[in-house]
Structure formats: C-alpha cells, structure tokens
Amino acid sequence: MKKNKILIVLLLFTAISSSQTVIKGTITSEKQQAIPFANILIKVDSTVIIAYTYSDKNGNYLLKTKKTGKFNLYFSALGYKTQVTPIEITNEPNEIIKNVVLKEKSFELDEVIIQADKPITIKKDTIIFNAKSFSKGSDQIVEDLLKNIPGITVEGNGAIKIGGKEVEKVMVDGDDLFEKGYKILT
C-alpha cells in the first residue's frame, strides 16, 4: 500500500514537472488578412528568448513551453509594427489563445534614384545599340549578339540588315571595325 502511494506521488510529480503550456492563435493585419511567416517569440526580457515559432501561410501559430513565470510575447512581421503582449505561464498545463492584429508600419524614404541605360539611342541617321542590353551571356560571335537585337537580321552571306535595308557601317566605341568588310566578322 505504501509503495502504491509513493508511485502515485511520483507519477503526479512527473506529470506536473513535464506539463507544457501551449500558446496558439492567428496573426492578421488590420485589413483582416492572414500574415504568413510572422515571428512569435517568448522572451524573459528584451534579450533572452525562451521559445519561438513562425506563423504558417494562414497566419496560424502554435508555441509550446515548459517554462513558468512572467514573460513577454513578441509578434513581428516585415512591414508591420512589433506588438508586445505580457503573459504569465503557471505550473498547470493549459492552452492560451492569443489572436493578434498587427498594424502596418510605413516609412518614408529620403530619396530614391532610379538609373538606367537606354538600350537604343537614335541620333539623326544613326541608331546606337547598347550591347549589354541585348547580350544573353552566351554570345560567342558578333552575329549571335546582332540576332538578339529587334529588327536586325543577319543574312547567310553575312550581310547585316535593319528593316530590310543593308547596314553600311558597324561601329564599336566610334571605330568602324569592318571598314566595309564586316561580312567576314559575321
């Protein structure tokens, strides 16, 4: 009989010491849209993390811990303000439901500079093509590059045409590389 009482006490002690608290819920935006991959952290203070998880694609999360005491739950996601909620976890196993609505975090940029090179420039009777804009990286000869430029065709005899009209000069950095003999290059 005495052994049975000791066994029951040990089983109860084991059950209590291994009890877990489950914290779960859904994270949504102010527009009532689920926020996927949000971070959920249980922290003792601002630096010590007790447990963490991420929300799924529907904004649902599930967090388990055996720790007891007073903690803070941190909810954060890219583009949203971090929300901190105090929580107390006791020795008793229980389930805590915390649904959270995160507010959007907007910010203003000082300056945005967008810079791009034009792939085609037209000057009087000259059309200038920026080779980098048309290169696919696998171009081994000039003909391969020229075939990538819209409106340009390379004939079987090596003649280069734009809109059906034969090109008189092909220049690279101001130098006429072909001097009327460009068919050899293609």
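The values are calculated or read from the model by the stated rules, or taken from the named source; none is laboratory data. A quick note: this is a predicted structure, and the numbers were derived from the prediction, not measured. Don't worry about glycine lacking a Cβ; one is built from the backbone with ideal geometry, like all the others, and counts go over all protein chains shown.
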Going through I40, I35, I27, I23 one at a time, which residue ends up being of a type in the set (V, I, T), at pLDDT 90 or above, in contact with a strand residue (DSSP E or B) (Cβ under 8 Å, 6 or more places away or on another chain) and over 24 Å from K105 (Cα atoms)?
I23
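Could you grab me the full set of residues in the range 75-120 that are in a loop (DSSP other than H, G, I, E, B), closer than 21 Å to I49 by Cβ and modelled with pLDDT of 90 or more?
Step one: filter the range 75-120 for residues in a loop (DSSP other than H, G, I, E, B), giving 77-79, 81-82, 90-93, 98-99, 103, 105-119.
With closer than 21 Å to I49 by Cβ added as a condition, the list becomes 77-78, 81-82, 90, 98.
Of everything in the range 75-120, those that are in a loop (DSSP other than H, G, I, E, B), closer than 21 Å to I49 by Cβ and modelled with pLDDT of 90 or more turn out to be A77, L78, K81, T82, K98.
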Quick one: which residue in K124, K136, K98, K132 is in the same structural domain as T65 (by TED's automatic domain parsing) and basic (K, R)?
K98
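Filter the range 48-84 for residues that are within 19 Å of K103 (Cα to Cα), small (G, A, S) and surrounded by fewer than 16 Cβ atoms within 10 Å (Cβ to Cβ) and give the result. Show your work before the answer.
First pass over the range 48-84, keeping only residues within 19 Å of K103 (Cα to Cα): 54-61, 72-84.
Next cut, small (G, A, S) only: 55, 59, 76-77, 79.
Once the filter is applied, which keeps residues that are within 19 Å of K103 (Cα to Cα), small (G, A, S) and surrounded by fewer than 16 Cβ atoms within 10 Å (Cβ to Cβ), the range 48-84 yields only G79.
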Report yes if some residue within the range 14-34 is within 31 Å of the chain's Cα centre (by Cα), crowded, with 16+ Cβ neighbours inside 10 Å and assigned to a loop (DSSP other than H, G, I, E, B); otherwise report no.
no
